[in-house]
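Rule-based calculations on the coordinates, nothing more; no lab input. Owing to the predicted nature of the structure, the values given are computational and were not obtained by experimental measurement. All Cβ positions, even for glycine, are placed from backbone atoms using ideal geometry, and neighbour counts span all protein chains on display.
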Amino acid sequence: MAIVERERIDQAATGKPIVFIVDDDPDVRTAISLLASSVGLTVEVFSSANAFLDHFNSGMFGCLILDVRMPEMSGLELQKVLRLSGNCLPIIFVSAHGDVPLAAQALRAGAIDFLQKPFNPQMLLERIYESLALNRNHQGRCARADQIQHCISRLTEREREVMYLLAQGVSTKSIAVRLTISPKTAENHRAKVLNKMKVDNPTQLARALTELESSEH
């Protein structure tokens, strides 16, 4: 695959993850780019954290290979910026200054690994594949959460009340009593909730709401 310096790749069209490389050393950028490209991965390289931030948006997916010590903004600072923005792009640190305190700080903040230069190519590839799998799973959970949230947005206020009670295992008869409505009205609300939420029964409804809650943490 071609190495891209600044031009944005349309992921919506390609559906492919991107291996983002941020390192102020051109030789390191080239080495990692060639390694990732050799196995068919799409790569984008940046010489600074700020250049990456100018390009990146929350809709992009893949993984980030990041140097620690760079001018203006360090790799650890970029990691913090991404986390504060709520982005979960997996990060692999590759640094010639991989002392224990820096590695521990990066890993505590959620980095996949902290590899010292010169890195082992096979180990780096393994970490890249691991990171892409994690990000793919995260994207899938986010897409599912968006779908569930969209379904909830179609419910009326009363239907939402019924939805949460159904998810708690409350019977239709008890729902009617709690909401002071007739059993027939409660049954009608139940049917509408299941239909709008695209589930067959309260068990599936409860599972969907659990998925939504877990995606928000």
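For the chain, what does -39500 (n - 2.57) per DSSP helix run (n ≥ 4), summed and divided by total residues, give at 222 nm, in deg cm²/dmol to the nearest 500?
-17500 deg cm²/dmol, from helical runs alone.
Which listed residue (Phe61, His138, Phe114) has the Cα farthest towards the positive end of the charge dipole for the chain, taking +1 on Lys and Arg C-beta and -1 on Asp and Glu C-beta about the Cα centre?
His138
Each residue of region 85-93 in order: what ³J(HN,Hα) in whole Hz does its phi give by Karplus 6.51 cos²θ - 1.76 cosθ + 1.60, θ = phi - 60°, with x for Gly and Pro?
For region 85-93, the Karplus curve yields 7, x, 7, 10, 4, x, 10, 10, 8 Hz.
Might you report the magnitude of the Cβ-based charge dipole of region 144-217 about its Cα centre, with Lys and Arg at +1 and Asp and Glu at -1, to the nearest 20 debye?
320 debye
With an 8 Å cut-off on Cα pairs and a minimum separation of 6 or more residues, tell me the relative contact order of region 161-217 in percent.
The normalised contact order for region 161-217 reaches 38 percent.
How charged is the neighbourhood of Ala36? Take every other residue with its Cβ under 14 Å from the Cβ of Ala36, and add Lys/Arg as +1 and Asp/Glu as -1.
Once positives and negatives cancel, what remains is -1.
In the Gaussian network model of the chain, springs joining C-alpha atoms below 10 Å, which of Thr172, Thr180, Thr42 carries the largest mean-square fluctuation?
Thr180
Given H placed 1.01 Å from N in the peptide plane, which residues other than close sequence neighbours of Gly62 have an amide H under 5 Å from its amide H?
Long-range HN contacts for Gly62: Ile18.
I'd like to know which of Asn87, Thr42, His189 lies farthest towards the positive end of the charge dipole of the chain, counting +1 on Cβ of Lys and Arg and -1 on Cβ of Asp and Glu.
Checked the options; the winner is His189.
So if I take the centroid of the Cα atoms in region 150-187 and the same for region 60-107, what is the distance between those two points in Å?
47 Å
Hey, in the GNM for the chain with a 10 angstrom Cα cutoff, which one of Cys142, Cys88, Cys151 fluctuates hardest?
Of Cys142, Cys88, Cys151, the most mobile in the Gaussian network model is Cys151.
Dipole of region 3-139, Cα-centred, from +1 at each Lys and Arg C-beta and -1 at each Asp and Glu C-beta, to the nearest 20 debye?
Using Cβ point charges on Lys, Arg, Asp and Glu, region 3-139 gives about 400 debye.
Which of the lysines could a cross-linker span from Lys184 if the Cα-Cα distance has to be under 29 Å and same-chain partners fewer than 8 positions apart are dropped?
Candidates past the 8-residue exclusion: Lys173, Lys192, Lys196, Lys198.
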